Ligand code: 13P
Ligand code: G3H
Ligand code: ZN
């Protein structure tokens, strides 16, 4: 199969009340781990490449590897630029074979976000590439945001409706309380997502696919391995899986996972290196790490997202 867009994946996910995992990859080994995991449970999957990963992996290599993956695995695979901010990079991704791009102009005001997003939509749609954009503040716990109304820093449903209509985007990343990274909540703070806002947006934009960023769950068994072998991510907690499942049953069609991949992959590498000090061939460390990624991806898909057996 060749690489596909997310159009059909999202339409089916919306109808079927599940979501598609978008997993951030930083190298080809991790990409293979993600694909092994998704293929093992027969799930469509999105390979997400941030601008940092695009530069690190090098654009042509990313596309070649993703194309090879799509041909080698019997599941739908989309190649997605995550958090695109640089217009040059976004347009290049469209040109060289990415099937989906995200424009993240959420740091700008509403009108400027619309203007920039529209420019990307025009460029991408002309070449059959789909576009995700972001509205609202997907905060970090350090961000001190003044909450002065019911919606606070979260995505306002009125804005969401106007934004989608005026930009022509294919999916929208919304802020309902998730945050990027290993620390999503202040110590002692109870994890909470604003399902009332999600439902309001869903009602106002029926059938329209929504996206959750900052949605890692930080599996504690994997975090323990990471910390036991010299890592220092004490007391990290993620989004509870039951909340992600609930979001998947609603209009959320894409769930982004980056932190879990990193904790899993590098935790396993740390362990392998500690347990095998006599080894110096990379494969003896990397193969178990790749398998750990595959296992985590398969588990997340089957236990939380529900996209298993939907390929
Ligand atoms: P996490 O840091 O929660 O994995 O979020 C990843 C993400 O949103 C990538 O766009
Ligand atoms: O949200 C983004 C991903 O986790 C990737 O992060 O920009 O450090 O590659 P990155
Ligand atoms: Zn993100």
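Every number in this text was worked out from the coordinates using simple rules, so none of it is lab data. From a predicted model like this one, the values you see are computed outputs, not experimental measurements. No Cβ is skipped: glycine too gets one built from the backbone with ideal geometry, and neighbour counts run over all protein chains shown.
If you take the Cα atoms of the stretch 1-153, find Rg, then find the Kirkwood Rh from the mean of 1/r over all pairs, what is Rg/Rh?
On the way: Rg = 16.3 Å, Rh = 16.4 Å.
Taking Rg over the Kirkwood Rh, I get 1.00.
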Inset, instruction - With label points built 7 Å along Cα→Cβ from the Cα atoms of residue 196 and residue 60, find their separation and express it in nm. - result: 5.4
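To the nearest 0.05, what FRET efficiency results for residue 149 and residue 12 with a Förster distance of 41 Å applied to their C-beta separation? List each step's numbers first, then the result.
Numbers: r = 36 Å, r/R0 = 0.87.
With R0 = 41 Å, the Cβ-Cβ based efficiency is 0.70.
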Inset, instruction - Quick one: grab the alpha carbon gyration tensor of the stretch 136-278, order the square roots of its eigenvalues as a ≥ b ≥ c, and give me rounded if a/c is under 1.5, else prolate or oblate depending on whether a/b is larger than b/c. - result: prolate
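Quick one: length gained pulling residue 119 to residue 67 fully straight, 0.36 nm per residue minus the C-alpha distance?
Working: separation 52, 0.36 × 52 = 18.72 nm, distance 2.66 nm.
The residue 119-residue 67 span can extend by a further 16.1 nm.
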Inset, instruction - May I have the pair-distance distribution P(r) for the chain, computed from all Cα-Cα distances with 10 Å bins from 0 and rounded to whole percent? - result: 6, 28, 37, 23, 6, 1, 0
Inset, instruction - Take every Cα pair under 8 Å in the stretch 102-236 that's 6+ residues apart, average their separations, divide by the length, and report that relative contact order as a whole percent. - result: 23
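Pop the C-beta distance of residue 127 and residue 107 into the FRET formula with R0 = 30 Å and round what comes out to the nearest 0.05. Show your work: numbers first, answer last.
Working: r = 26 Å, r/R0 = 0.86.
Efficiency at R0 = 30 Å is approximately 0.70.
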Legend entry - Rounded Å value of the spacing that divides the Cα centres of the stretch 1-58 and the stretch 241-311: 12
Legend entry - Overall form of the stretch 63-192 per C-alpha gyration tensor (a/c, 1.5; a/b vs b/c): oblate
Legend entry - Relative compactness, the stretch 1-41, computed as alpha-carbon Rg over 2.2 N^0.38 Å: 1.31
Inset, instruction - Can you pull the one-decimal nm distance between simple spin-label points at residue 249 and residue 185, each 7 Å off the Cα toward Cβ? - result: 1.9
Legend entry - Contact order normalised by residue count of the stretch 1-106, Cα under 8 Å, 6+ apart, percent: 32
Inset, instruction - Counting helices only, and only those DSSP H runs with n ≥ 4, report the 222 nm mean residue ellipticity of the chain as the sum of -39,500 (n - 2.57) divided by its residues, in deg cm²/dmol to the nearest 500. - result: -14500 deg cm²/dmol
Inset, instruction - Evaluate the distance, in nm, between pseudo-label points positioned 7 Å from the Cα of residue 87 and of residue 287 along their respective Cα→Cβ axes. - result: 4.9
Inset, instruction - Return the whole-Å distance between the Cα centroid of the stretch 177-196 and the Cα centroid of the stretch 70-131. - result: 27
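Would you mind classifying the stretch 224-311 by shape? Square roots of the alpha carbon gyration tensor eigenvalues, ordered a ≥ b ≥ c; an a/c under 1.5 is rounded, otherwise it is prolate if a/b is larger than b/c and oblate if not. Don't jump to the answer; show the numbers that get you there.
Working: a/c = 3.79, a/b = 1.87, b/c = 2.02.
Here the stretch 224-311 falls in the oblate category.
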Inset, instruction - Name the most mobile residue of 181, 97, 152, meaning the one with the largest mean-square fluctuation, in a Gaussian network model of the chain with Cα contacts below 10 Å. - result: 152
